[in-house]
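Have a look at the structure below before the remarks.
The values are calculated or read from the model by the stated rules, or taken from the named source; none is laboratory data. Predicted model only: the values in this text are computed from it and were never measured. Every residue, glycine among them, receives a Cβ derived from its backbone with ideal geometry; neighbour counts consider all protein chains shown. Heads up: the accessible areas ignore ligands, DNA and RNA and are worked out on the full protein's heavy atoms, side chains in. Shrake-Rupley method; radii C 1.70, N 1.55, O 1.52, S 1.80 Å.
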Amino acid sequence: MTGSTFPRGFLWGFAIAANQAEGAWLAGGKGPCQADVMRWDPDIDPHEIAVITSQAQIEDALADDSGVYPKRDGIGFYDTYEQDLEELAGMGANAFRTSINWSRIFPRGDEAEPNAEGLAFYDRLIDTLNESGLTPVITLSHYEMPLTLITQYGGWANRQVLDFFNRYVDLVAERYAGKVGYWMGFNQINSGLMDPYLALGLLADELDNVSETKLKAIHHQLLANAHLVQTVHRIDPGAKAGSMILDMTAYPASTRPGDALAVQHADQEVYYTADVMVRGSYPRWFERACEKRGLELGITDADRVLLRENTSDYLAVSYYVTRVLQDGPGSMLDSTGWEVLGDLPNPHLVGTRWGWQIDPTGFQLALLKLADRYPGLPILVAENGLGDRDVLEPDGTVHDAYRIDYHRDHIAAMAAAIAEGANVVGYLVWSGIDVVSASSNERTKRYGFVYVDLDDEGNGSGRRIRKDSYGYFQTVASSNGAVLV
Ligand code: BGP
(Lines give C-alpha, C1' and ligand atoms only; values in the text may rest on other atoms or scores of the structure.)
Protein backbone atom coordinates (compact mmCIF):
# COMPACT_ATOMS: atom_id res chain seq x y z
CA MET A 1 0.00 0.00 0.00
CA THR A 2 1.15 3.60 -0.38
CA GLY A 3 1.54 5.82 2.61
CA SER A 4 0.35 9.12 1.22
CA THR A 5 -2.00 8.92 4.18
CA PHE A 6 0.75 10.13 6.52
CA PRO A 7 0.91 13.91 6.77
CA ARG A 8 4.17 15.77 6.21
CA GLY A 9 6.05 16.12 9.48
CA PHE A 10 4.55 12.92 10.88
CA LEU A 11 6.71 11.72 13.76
CA TRP A 12 8.38 8.33 13.34
CA GLY A 13 10.46 7.31 16.26
CA PHE A 14 11.00 5.44 19.47
CA ALA A 15 10.05 5.61 23.11
CA ILE A 16 11.95 4.51 26.19
CA ALA A 17 11.96 5.53 29.84
CA ALA A 18 14.93 6.64 31.92
CA ASN A 19 14.35 4.02 34.63
CA GLN A 20 14.30 1.15 32.14
CA ALA A 21 17.35 2.22 30.14
CA GLU A 22 19.77 4.59 31.86
CA GLY A 23 21.01 2.49 34.75
CA ALA A 24 23.51 4.48 36.86
CA TRP A 25 20.86 4.45 39.57
CA LEU A 26 22.99 6.28 42.12
CA ALA A 27 25.47 8.00 39.81
CA GLY A 28 25.92 11.74 39.64
CA GLY A 29 24.06 12.36 42.87
CA LYS A 30 20.85 10.58 41.79
CA GLY A 31 18.56 9.28 44.52
CA PRO A 32 16.67 5.97 44.30
CA CYS A 33 13.25 5.94 42.65
CA GLN A 34 10.44 3.40 42.87
CA ALA A 35 11.65 1.41 39.85
CA ASP A 36 15.07 0.88 41.42
CA VAL A 37 13.68 -1.42 44.11
CA MET A 38 11.79 -3.71 41.72
CA ARG A 39 13.43 -7.12 41.96
CA TRP A 40 13.73 -9.58 39.08
CA ASP A 41 12.06 -12.84 39.95
CA PRO A 42 13.19 -15.75 37.75
CA ASP A 43 10.00 -17.65 38.58
CA ILE A 44 7.55 -14.89 37.77
CA ASP A 45 4.42 -16.13 36.03
CA PRO A 46 4.49 -14.33 32.67
CA HIS A 47 0.89 -13.29 33.20
CA GLU A 48 1.68 -11.56 36.48
CA ILE A 49 2.84 -8.01 36.97
CA ALA A 50 5.40 -7.37 39.71
CA VAL A 51 4.15 -5.06 42.46
CA ILE A 52 5.27 -3.53 45.75
CA THR A 53 2.67 -2.91 48.43
CA SER A 54 4.53 -2.12 51.65
CA GLN A 55 7.30 -0.06 53.16
CA ALA A 56 8.97 -3.28 54.38
CA GLN A 57 9.41 -4.49 50.81
CA ILE A 58 11.20 -1.26 49.93
CA GLU A 59 13.46 -1.49 52.96
CA ASP A 60 14.27 -5.12 52.19
CA ALA A 61 15.15 -4.24 48.62
CA LEU A 62 17.45 -1.42 49.68
CA ALA A 63 19.23 -3.71 52.13
CA ASP A 64 19.35 -6.69 49.77
CA ASP A 65 22.75 -7.40 48.28
CA SER A 66 21.99 -10.71 46.63
CA GLY A 67 18.91 -9.96 44.51
CA VAL A 68 18.90 -8.79 40.91
CA TYR A 69 17.42 -5.33 40.24
CA PRO A 70 17.75 -4.85 36.47
CA LYS A 71 16.45 -1.28 36.41
CA ARG A 72 19.41 -0.16 38.50
CA ASP A 73 21.67 -0.87 35.52
CA GLY A 74 19.19 -0.77 32.64
CA ILE A 75 21.08 -1.04 29.36
CA GLY A 76 23.69 1.48 30.46
CA PHE A 77 22.09 4.23 28.36
CA TYR A 78 23.44 6.85 30.80
CA ASP A 79 26.87 6.20 29.30
CA THR A 80 25.96 4.94 25.83
CA TYR A 81 23.24 7.39 24.80
CA GLU A 82 25.33 9.02 22.07
CA GLN A 83 26.06 5.80 20.18
CA ASP A 84 22.56 4.46 20.86
CA LEU A 85 20.88 7.57 19.52
CA GLU A 86 23.09 7.56 16.46
CA GLU A 87 22.10 3.96 15.78
CA LEU A 88 18.42 4.73 16.28
CA ALA A 89 18.50 7.91 14.18
CA GLY A 90 20.04 5.76 11.45
CA MET A 91 16.60 4.29 10.84
CA GLY A 92 15.39 7.62 9.45
CA ALA A 93 13.51 8.47 12.64
CA ASN A 94 12.67 12.07 13.47
CA ALA A 95 11.46 11.77 17.07
CA PHE A 96 12.57 10.19 20.32
CA ARG A 97 10.70 9.90 23.58
CA THR A 98 12.42 9.43 26.87
CA SER A 99 11.86 10.63 30.40
CA ILE A 100 13.76 12.85 32.71
CA ASN A 101 14.22 10.83 35.86
CA TRP A 102 12.86 13.15 38.57
CA SER A 103 15.15 11.48 41.13
CA ARG A 104 18.22 12.56 39.14
CA ILE A 105 17.16 16.20 39.40
CA PHE A 106 15.78 16.17 42.95
CA PRO A 107 17.31 13.07 44.59
CA ARG A 108 14.96 13.19 47.60
CA GLY A 109 12.26 15.22 45.92
CA ASP A 110 11.90 17.83 48.63
CA GLU A 111 15.14 19.81 48.19
CA ALA A 112 15.09 23.53 47.47
CA GLU A 113 17.96 23.25 45.00
CA PRO A 114 18.30 20.80 42.12
CA ASN A 115 21.19 18.41 41.56
CA ALA A 116 23.46 20.12 39.03
CA GLU A 117 25.01 16.88 37.78
CA GLY A 118 21.61 15.43 37.00
CA LEU A 119 20.67 18.50 35.01
CA ALA A 120 23.97 18.41 33.17
CA PHE A 121 23.20 14.90 31.97
CA TYR A 122 19.84 15.93 30.51
CA ASP A 123 21.42 19.07 29.00
CA ARG A 124 23.69 16.78 27.01
CA LEU A 125 20.99 14.26 26.18
CA ILE A 126 18.47 16.83 24.92
CA ASP A 127 21.15 18.62 22.90
CA THR A 128 22.20 15.32 21.36
CA LEU A 129 18.59 14.58 20.39
CA ASN A 130 18.28 17.93 18.65
CA GLU A 131 21.62 17.56 16.92
CA SER A 132 20.56 14.11 15.69
CA GLY A 133 17.37 15.49 14.13
CA LEU A 134 15.21 13.72 16.72
CA THR A 135 12.35 15.84 18.09
CA PRO A 136 12.48 15.33 21.86
CA VAL A 137 9.28 14.02 23.41
CA ILE A 138 9.98 14.36 27.10
CA THR A 139 8.07 12.51 29.80
CA LEU A 140 8.36 14.02 33.26
CA SER A 141 6.99 11.15 35.28
CA HIS A 142 7.46 7.60 34.06
CA TYR A 143 7.47 5.56 37.29
CA GLU A 144 10.42 7.59 38.59
CA MET A 145 9.52 9.54 41.69
CA PRO A 146 12.17 9.94 44.37
CA LEU A 147 11.71 7.10 46.84
CA THR A 148 11.72 9.50 49.79
CA LEU A 149 8.49 11.01 48.52
CA ILE A 150 6.93 7.57 48.84
CA THR A 151 8.37 6.49 52.17
CA GLN A 152 8.18 9.84 53.95
CA TYR A 153 5.39 11.73 52.22
CA GLY A 154 2.94 9.03 51.12
CA GLY A 155 3.36 9.47 47.35
CA TRP A 156 0.98 11.39 45.12
CA ALA A 157 -1.81 11.31 47.72
CA ASN A 158 0.02 14.15 49.47
CA ARG A 159 -0.54 17.62 48.01
CA GLN A 160 2.96 18.62 49.02
CA VAL A 161 4.24 16.13 46.45
CA LEU A 162 2.30 18.08 43.83
CA ASP A 163 4.15 21.24 44.93
CA PHE A 164 7.50 19.45 44.67
CA PHE A 165 6.61 18.15 41.21
CA ASN A 166 5.49 21.60 40.05
CA ARG A 167 8.84 23.00 41.15
CA TYR A 168 10.60 20.36 39.08
CA VAL A 169 8.32 21.09 36.10
CA ASP A 170 9.02 24.84 36.28
CA LEU A 171 12.74 24.21 36.39
CA VAL A 172 13.01 21.86 33.41
CA ALA A 173 10.41 23.66 31.29
CA GLU A 174 12.40 26.87 31.66
CA ARG A 175 15.77 25.19 31.14
CA TYR A 176 14.79 23.26 28.02
CA ALA A 177 12.42 25.82 26.47
CA GLY A 178 12.81 25.81 22.71
CA LYS A 179 14.45 22.38 22.73
CA VAL A 180 11.47 20.06 23.31
CA GLY A 181 8.69 19.27 20.84
CA TYR A 182 6.25 17.53 23.18
CA TRP A 183 6.16 17.77 26.96
CA MET A 184 4.44 14.77 28.48
CA GLY A 185 3.58 15.11 32.15
CA PHE A 186 2.67 11.53 32.92
CA ASN A 187 3.17 8.17 31.34
CA GLN A 188 -0.15 6.25 31.26
CA ILE A 189 -1.83 8.51 33.79
CA ASN A 190 -4.76 6.08 34.07
CA SER A 191 -2.49 3.19 35.06
CA GLY A 192 -2.59 4.39 38.66
CA LEU A 193 -6.03 2.77 38.83
CA MET A 194 -4.36 -0.64 38.62
CA ASP A 195 -0.81 0.06 39.72
CA PRO A 196 -0.87 2.38 42.72
CA TYR A 197 2.82 1.84 43.52
CA LEU A 198 4.54 2.38 40.18
CA ALA A 199 2.22 5.09 38.95
CA LEU A 200 1.31 6.90 42.16
CA GLY A 201 3.89 5.95 44.77
CA LEU A 202 1.24 4.44 47.07
CA LEU A 203 1.78 1.44 49.33
CA ALA A 204 -1.56 -0.33 49.19
CA ASP A 205 -1.08 -2.51 52.29
CA GLU A 206 -0.68 0.59 54.40
CA LEU A 207 -3.80 2.44 53.27
CA ASP A 208 -7.21 2.35 54.94
CA ASN A 209 -9.05 3.37 51.83
CA VAL A 210 -7.14 2.49 48.68
CA SER A 211 -9.91 3.65 46.38
CA GLU A 212 -10.14 7.14 47.85
CA THR A 213 -6.38 7.55 48.19
CA LYS A 214 -5.75 6.40 44.66
CA LEU A 215 -8.34 8.68 43.07
CA LYS A 216 -7.09 11.59 45.14
CA ALA A 217 -3.51 10.88 43.99
CA ILE A 218 -4.65 10.78 40.37
CA HIS A 219 -6.46 14.08 40.95
CA HIS A 220 -3.14 15.58 42.03
CA GLN A 221 -1.50 14.28 38.87
CA LEU A 222 -4.27 15.82 36.79
CA LEU A 223 -3.58 19.14 38.52
CA ALA A 224 0.11 18.67 37.77
CA ASN A 225 -0.75 18.11 34.10
CA ALA A 226 -2.75 21.36 34.09
CA HIS A 227 0.16 23.15 35.74
CA LEU A 228 2.51 21.77 33.08
CA VAL A 229 0.21 22.99 30.30
CA GLN A 230 -0.01 26.44 31.91
CA THR A 231 3.77 26.64 32.37
CA VAL A 232 4.64 25.46 28.87
CA HIS A 233 2.17 27.87 27.29
CA ARG A 234 3.82 30.70 29.21
CA ILE A 235 7.48 29.94 28.71
CA ASP A 236 7.73 27.53 25.78
CA PRO A 237 4.82 28.38 23.49
CA GLY A 238 6.32 26.54 20.52
CA ALA A 239 5.99 23.20 22.33
CA LYS A 240 2.94 21.06 22.99
CA ALA A 241 1.96 19.93 26.47
CA GLY A 242 -0.18 17.07 27.74
CA SER A 243 -0.01 13.55 29.11
CA MET A 244 -0.59 9.98 28.07
CA ILE A 245 -3.13 7.28 28.70
CA LEU A 246 -2.97 3.52 28.33
CA ASP A 247 -5.57 2.44 25.82
CA MET A 248 -7.61 -0.55 26.94
CA THR A 249 -10.11 -1.03 24.16
CA ALA A 250 -12.52 -3.80 25.08
CA TYR A 251 -14.99 -6.09 23.32
CA PRO A 252 -18.09 -7.55 24.94
CA ALA A 253 -17.71 -11.29 25.49
CA SER A 254 -21.12 -11.96 23.94
CA THR A 255 -24.18 -10.27 22.55
CA ARG A 256 -25.65 -10.23 26.06
CA PRO A 257 -26.66 -6.62 26.75
CA GLY A 258 -24.98 -6.80 30.16
CA ASP A 259 -21.63 -7.51 28.50
CA ALA A 260 -21.98 -4.41 26.32
CA LEU A 261 -22.81 -2.37 29.39
CA ALA A 262 -19.66 -3.69 31.11
CA VAL A 263 -17.63 -2.40 28.14
CA GLN A 264 -19.32 1.01 28.37
CA HIS A 265 -18.48 1.24 32.07
CA ALA A 266 -14.91 0.10 31.49
CA ASP A 267 -14.51 2.73 28.75
CA GLN A 268 -15.70 5.46 31.08
CA GLU A 269 -13.05 4.46 33.60
CA VAL A 270 -10.26 4.08 31.03
CA TYR A 271 -10.90 7.52 29.52
CA TYR A 272 -11.89 9.59 32.54
CA THR A 273 -8.41 11.04 33.06
CA ALA A 274 -8.24 11.96 29.37
CA ASP A 275 -11.69 13.56 29.65
CA VAL A 276 -10.42 15.77 32.47
CA MET A 277 -7.24 16.72 30.61
CA VAL A 278 -8.91 17.35 27.27
CA ARG A 279 -12.36 18.63 28.23
CA GLY A 280 -11.29 20.37 31.43
CA SER A 281 -13.71 18.80 33.89
CA TYR A 282 -14.62 15.51 35.54
CA PRO A 283 -17.39 13.56 33.85
CA ARG A 284 -20.70 13.46 35.71
CA TRP A 285 -20.64 9.67 36.11
CA PHE A 286 -17.32 9.99 37.95
CA GLU A 287 -18.56 12.59 40.43
CA ARG A 288 -21.62 10.40 41.07
CA ALA A 289 -19.53 7.26 41.48
CA CYS A 290 -17.41 9.01 44.12
CA GLU A 291 -20.50 10.35 45.87
CA LYS A 292 -22.09 6.91 45.90
CA ARG A 293 -18.97 5.41 47.47
CA GLY A 294 -18.60 8.30 49.92
CA LEU A 295 -15.15 9.17 48.52
CA GLU A 296 -13.79 12.63 49.25
CA LEU A 297 -11.06 13.65 46.85
CA GLY A 298 -10.59 17.17 48.18
CA ILE A 299 -11.25 18.84 44.82
CA THR A 300 -11.41 22.61 45.38
CA ASP A 301 -13.02 25.35 43.30
CA ALA A 302 -9.54 26.58 42.42
CA ASP A 303 -8.65 23.06 41.21
CA ARG A 304 -11.66 23.09 38.92
CA VAL A 305 -10.65 26.45 37.45
CA LEU A 306 -7.08 25.27 36.88
CA LEU A 307 -8.31 22.13 35.08
CA ARG A 308 -10.81 24.07 33.00
CA GLU A 309 -8.37 26.74 31.89
CA ASN A 310 -5.42 24.47 31.08
CA THR A 311 -6.51 21.65 28.86
CA SER A 312 -3.93 19.57 26.99
CA ASP A 313 -2.69 20.40 23.50
CA TYR A 314 -2.63 16.74 22.49
CA LEU A 315 -3.27 13.30 23.90
CA ALA A 316 -0.60 10.62 23.94
CA VAL A 317 -1.67 7.00 23.99
CA SER A 318 0.01 3.64 24.34
CA TYR A 319 -1.54 0.68 22.58
CA TYR A 320 -0.61 -2.96 23.05
CA VAL A 321 -3.67 -5.15 23.54
CA THR A 322 -7.44 -5.33 23.50
CA ARG A 323 -9.57 -6.93 26.16
CA VAL A 324 -12.70 -9.04 26.36
CA LEU A 325 -15.18 -8.27 29.10
CA GLN A 326 -18.32 -9.73 30.48
CA ASP A 327 -20.78 -8.44 32.98
CA GLY A 328 -19.37 -8.92 36.44
CA PRO A 329 -15.82 -7.72 37.06
CA GLY A 330 -15.54 -4.99 39.62
CA SER A 331 -14.88 -1.35 38.92
CA MET A 332 -11.31 -0.13 38.39
CA LEU A 333 -12.14 2.64 40.83
CA ASP A 334 -12.17 0.08 43.63
CA SER A 335 -9.23 -2.06 42.59
CA THR A 336 -5.77 -2.30 44.06
CA GLY A 337 -4.23 -4.26 41.22
CA TRP A 338 -4.40 -5.38 37.61
CA GLU A 339 -6.48 -8.48 38.47
CA VAL A 340 -9.65 -6.33 38.48
CA LEU A 341 -9.54 -6.27 34.71
CA GLY A 342 -10.98 -9.78 34.56
CA ASP A 343 -9.98 -10.08 30.91
CA LEU A 344 -11.08 -13.14 28.98
CA PRO A 345 -9.20 -14.73 26.09
CA ASN A 346 -10.25 -13.69 22.61
CA PRO A 347 -10.59 -16.78 20.39
CA HIS A 348 -9.95 -14.64 17.31
CA LEU A 349 -6.58 -13.36 18.47
CA VAL A 350 -3.18 -14.79 19.27
CA GLY A 351 -1.44 -13.74 22.47
CA THR A 352 2.26 -13.17 23.11
CA ARG A 353 4.17 -15.32 25.57
CA TRP A 354 3.02 -12.84 28.21
CA GLY A 355 -0.62 -13.22 27.19
CA TRP A 356 -0.89 -9.83 25.47
CA GLN A 357 -3.43 -10.36 22.68
CA ILE A 358 -2.19 -9.00 19.37
CA ASP A 359 -4.86 -6.97 17.62
CA PRO A 360 -4.06 -4.48 14.85
CA THR A 361 -7.74 -3.92 14.06
CA GLY A 362 -8.22 -3.02 17.71
CA PHE A 363 -5.59 -0.32 17.15
CA GLN A 364 -7.64 1.20 14.33
CA LEU A 365 -10.70 0.99 16.54
CA ALA A 366 -8.90 2.64 19.47
CA LEU A 367 -7.70 5.54 17.32
CA LEU A 368 -11.14 6.06 15.80
CA LYS A 369 -12.75 6.04 19.24
CA LEU A 370 -10.33 8.71 20.43
CA ALA A 371 -10.92 10.76 17.29
CA ASP A 372 -14.66 10.66 17.95
CA ARG A 373 -14.35 11.38 21.62
CA TYR A 374 -11.99 14.34 21.19
CA PRO A 375 -12.69 15.74 17.71
CA GLY A 376 -9.67 17.21 15.99
CA LEU A 377 -7.33 16.70 18.93
CA PRO A 378 -3.80 15.63 17.91
CA ILE A 379 -3.19 12.05 19.01
CA LEU A 380 0.38 10.88 19.50
CA VAL A 381 0.93 7.14 19.58
CA ALA A 382 3.55 7.20 22.29
CA GLU A 383 4.05 3.42 22.55
CA ASN A 384 3.32 0.37 20.45
CA GLY A 385 5.48 -2.71 20.19
CA LEU A 386 5.99 -6.43 20.61
CA GLY A 387 7.84 -7.98 23.52
CA ASP A 388 9.44 -11.34 22.74
CA ARG A 389 12.44 -13.50 23.58
CA ASP A 390 14.64 -12.81 20.57
CA VAL A 391 17.50 -15.14 19.80
CA LEU A 392 21.01 -13.99 19.03
CA GLU A 393 22.27 -16.49 16.45
CA PRO A 394 25.86 -17.74 16.57
CA ASP A 395 26.60 -15.70 13.45
CA GLY A 396 25.57 -12.52 15.27
CA THR A 397 22.19 -12.01 13.61
CA VAL A 398 18.73 -11.68 15.14
CA HIS A 399 15.77 -12.75 13.01
CA ASP A 400 12.57 -11.17 14.30
CA ALA A 401 10.15 -11.56 11.42
CA TYR A 402 7.31 -11.68 13.98
CA ARG A 403 8.14 -8.12 15.03
CA ILE A 404 8.15 -6.90 11.44
CA ASP A 405 4.70 -8.47 10.97
CA TYR A 406 3.47 -6.85 14.16
CA HIS A 407 4.53 -3.34 13.19
CA ARG A 408 3.50 -3.69 9.56
CA ASP A 409 -0.02 -4.66 10.62
CA HIS A 410 -0.28 -1.96 13.26
CA ILE A 411 1.06 0.77 10.98
CA ALA A 412 -1.44 -0.28 8.30
CA ALA A 413 -4.22 -0.09 10.89
CA MET A 414 -3.07 3.37 11.92
CA ALA A 415 -2.96 4.46 8.27
CA ALA A 416 -6.55 3.26 7.91
CA ALA A 417 -7.61 5.30 10.94
CA ILE A 418 -5.85 8.38 9.55
CA ALA A 419 -7.57 7.84 6.20
CA GLU A 420 -10.86 7.86 8.11
CA GLY A 421 -10.03 11.19 9.69
CA ALA A 422 -8.14 10.48 12.92
CA ASN A 423 -5.61 13.25 13.60
CA VAL A 424 -2.65 11.02 14.48
CA VAL A 425 0.58 13.03 14.57
CA GLY A 426 3.17 10.39 15.30
CA TYR A 427 4.05 6.77 15.93
CA LEU A 428 6.68 5.99 18.54
CA VAL A 429 7.75 2.39 18.76
CA TRP A 430 8.35 0.90 22.16
CA SER A 431 11.30 0.68 22.43
CA GLY A 432 13.63 0.95 19.41
CA ILE A 433 16.43 -0.56 21.45
CA ASP A 434 15.91 -3.36 24.02
CA VAL A 435 15.33 -2.07 27.55
CA VAL A 436 14.22 -3.59 30.86
CA SER A 437 10.54 -4.57 31.07
CA ALA A 438 8.39 -2.28 33.20
CA SER A 439 6.02 -4.98 34.41
CA SER A 440 8.28 -8.02 34.82
CA ASN A 441 11.74 -6.46 35.28
CA GLU A 442 13.15 -8.79 32.62
CA ARG A 443 15.73 -7.77 30.06
CA THR A 444 14.83 -10.75 27.92
CA LYS A 445 11.37 -9.41 27.18
CA ARG A 446 12.69 -7.48 24.21
CA TYR A 447 10.95 -4.84 22.11
CA GLY A 448 13.84 -3.26 20.19
CA PHE A 449 14.93 -3.14 16.58
CA VAL A 450 18.40 -3.01 18.11
CA TYR A 451 19.36 -5.98 20.28
CA VAL A 452 21.29 -5.41 23.49
CA ASP A 453 23.47 -8.34 24.45
CA LEU A 454 22.61 -8.53 28.16
CA ASP A 455 20.50 -11.10 29.95
CA ASP A 456 18.13 -10.72 32.90
CA GLU A 457 20.98 -10.92 35.39
CA GLY A 458 23.09 -8.42 33.51
CA ASN A 459 25.50 -10.93 31.96
CA GLY A 460 26.66 -10.33 28.41
CA SER A 461 28.82 -8.07 26.30
CA GLY A 462 26.33 -5.19 26.16
CA ARG A 463 26.96 -5.08 22.41
CA ARG A 464 24.27 -3.50 20.21
CA ILE A 465 23.18 -5.59 17.21
CA ARG A 466 20.72 -4.66 14.47
CA LYS A 467 17.81 -7.10 14.23
CA ASP A 468 16.10 -7.82 10.90
CA SER A 469 13.39 -5.36 11.94
CA TYR A 470 15.94 -2.52 11.82
CA GLY A 471 15.96 -2.44 8.03
CA TYR A 472 12.21 -2.79 7.91
CA PHE A 473 11.56 0.25 10.07
CA GLN A 474 14.24 2.20 8.23
CA THR A 475 12.29 1.74 5.01
CA VAL A 476 9.03 2.82 6.62
CA ALA A 477 10.34 5.83 8.52
CA SER A 478 12.56 7.20 5.80
CA SER A 479 9.72 7.03 3.27
CA ASN A 480 7.25 8.67 5.70
CA GLY A 481 5.22 5.49 5.51
CA ALA A 482 5.01 5.56 1.72
CA VAL A 483 6.57 2.10 1.66
CA LEU A 484 5.06 -0.38 4.08
CA VAL A 485 6.85 -3.49 2.89
C1 BGP B 1 3.97 0.47 29.11
C2 BGP B 1 4.97 1.28 29.88
C3 BGP B 1 6.38 1.11 29.45
C4 BGP B 1 6.72 -0.23 28.87
C5 BGP B 1 5.66 -0.90 28.08
C6 BGP B 1 5.87 -2.37 27.81
O7 BGP B 1 2.90 0.16 29.93
O8 BGP B 1 4.67 2.65 29.77
O9 BGP B 1 7.21 1.57 30.48
O10 BGP B 1 7.66 -0.95 29.47
O11 BGP B 1 4.41 -0.77 28.67
O12 BGP B 1 5.58 -3.09 28.97
P13 BGP B 1 6.53 -4.17 29.59
O14 BGP B 1 7.87 -3.53 29.64
O15 BGP B 1 5.99 -4.43 30.93
O16 BGP B 1 6.46 -5.31 28.69
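Here are some notes:
- Qualifying trypsin sites (Lys or Arg not before Pro) for segment 1-92 [loop in DSSP, other Cβ within 10 Å: at most 16]: ARG8
- Shape category assigned to segment 1-153 from the gyration tensor of Cα positions, a/c cut at 1.5: prolate
- Karplus-based coupling profile of segment 465-481, in residue order and whole Hz: 9, 5, 8, 4, 5, 4, x, 4, 5, 4, 5, 5, 5, 6, 9, 6, x, with θ = phi - 60° in 6.51 cos²θ - 1.76 cosθ + 1.60 and x standing for Gly or Pro.
- ³J(HN,Hα) computed for each position of segment 280-292 - Karplus, 6.51 cos²θ - 1.76 cosθ + 1.60, integer Hz, glycine/proline x: x, 8, 6, x, 4, 4, 5, 4, 5, 5, 5, 4, 4
- 3J(HN,Hα) along segment 173-187, derived from phi through the Karplus expression 6.51 cos²θ - 1.76 cosθ + 1.60 where θ = phi - 60°, amounts to 5, 5, 5, 9, 4, x, 10, 10, x, 10, 8, 10, x, 10, 6 Hz, with x in place of Gly and Pro.
- Judged by the mean number of other Cβ atoms found within 10 Å, the most tightly packed of the peptides 201-209, 343-351, 272-280, 183-191 leads the ranking 183-191, 272-280, 201-209, 343-351.
- Counting DSSP beta bridges with both ends in the chain, the antiparallel % (nearest 5): 15
- Carbon plus sulfur fraction of accessible area for the chain, probe 1.4 Å, in percent: 49
- For ILE433, distant residues with modelled amide H under 5 Å away: PHE449, VAL450
- Segment 137-204-segment 307-377 distance, computed between alpha-carbon centres (Å): 22
- The value obtained for the chain, namely the Cα convex hull volume divided by the number of residues, is 138 Å³ per residue.
- Over segment 104-174 - Rg/Rh using Cα atoms and the Kirkwood inverse-distance radius: 1.02
- Per residue, the solvent-accessible area of segment 333-485 (1.4 Å probe, heavy atoms of protein chains only, all protein chains present) comes to 37 Å².
- When the pairs LYS292/LYS369; LYS179/LYS214; LYS369/LYS445; LYS71/LYS214; LYS30/LYS71 are compared against a 22 Å limit on Cα-Cα distance, LYS292/LYS369; LYS179/LYS214; LYS369/LYS445; LYS71/LYS214 fall above it.
- Low-density loop cleavage sites - chymotrypsin sites (Phe, Trp or Tyr not before Pro) in segment 127-157, where at most 16 other Cβ are within 10 Å (DSSP): none
- Summarising the amide proton neighbourhood of GLY426: residues at separation of 5 or more, or on other chains, whose placed amide H is nearer than 5 Å comprise LEU11, VAL381.
- In this structure, the amide hydrogen of THR139, modeled 1.01 Å from its nitrogen in the peptide plane, lies closer than 5 angstrom to those of THR98, SER99, ILE100, MET184, counting only residues at least 5 positions away or on a different chain.
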